[in-house]
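S.K.: Would you mind keeping the following structure in view while I ask a few things?
No value in this document is a laboratory result; all are computed from the given coordinates. Everything numeric here is computed off the predicted structure, so don't read it as measured data. Cβ coordinates were reconstructed from backbone atoms using ideal geometry, including for glycine residues, and neighbour counts include every protein chain displayed.
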Amino acid sequence: MRTYQGSCHCGKVAFEVTGAVDEVVICNCSVCTKKGIIHSPVDDDRFRVIAGEEHLSVYRFGSEEATHCFCTICGIHVFGRPRMDPKRNTVNIRCLDDFEHILSESDQVHFDGKHHPRDS
């Protein structure tokens, strides 16, 4: 089983994902659009922060149910918990070391977060 390594821009926050990263979610909500986040849902038992937990902070907006975890040093969003599935993480695949390959090999789902009923 493959393990993917990832980190924020400055490298202070590092994480790993075990197993396939084969679902990619492109959301058009204001946060994902402005930050350039591309999500991949990952079960808790396949995701682990391996360094820099002390450098993580959380941003919430709108319903304040979803969490957006980012590095307090460089500001990069590395993962979060969506309000629709709060028992899973969504990893920002742009932070994974093999991001281009994952994006080209994965099924891409477009999510209309911009028009989500709770935000209208």
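S.K.: In percent, how large is the relative contact order of the chain, given Cα pairs closer than 8 Å and 6 or more residues apart?
M.R.: 32 percent
S.K.: For the range 3-119, build the charge dipole from Cβ charges (+1 Lys, Arg; -1 Asp, Glu) around the Cα centre, then report which of 67, 50, 101 sits farthest towards its positive end.
M.R.: 67
S.K.: Give me the one-decimal nm value for the distance between modelled label points at residue 3 and residue 98, 7 Å along each residue's Cα-to-Cβ direction.
M.R.: Placing both labels 7 Å along Cα→Cβ, they lie 1.4 nm apart.
S.K.: What shape does the range 3-119 take by its C-alpha gyration tensor, where a ≥ b ≥ c are the square roots of the eigenvalues and a/c under 1.5 counts as rounded, a/b above b/c as prolate, and the rest as oblate?
M.R.: Judged from the Cα gyration tensor, the range 3-119 comes out oblate (a/c at least 1.5, b/c at or above a/b).
S.K.: Under the rule a/c < 1.5 gives rounded, and otherwise a/b versus b/c splits prolate from oblate, where does the range 1-60 land using the Cα gyration tensor?
M.R.: Since a/c reaches 1.5 but b/c is at least a/b, the shape of the range 1-60 is classed as oblate.
S.K.: Starting from the Cα-Cα distance between residue 115 and residue 43, subtract it from 0.36 nm times their residue separation and give me the gain in nm to one decimal.
M.R.: Stretched fully, the residue 115-residue 43 segment lengthens by 23.3 nm.
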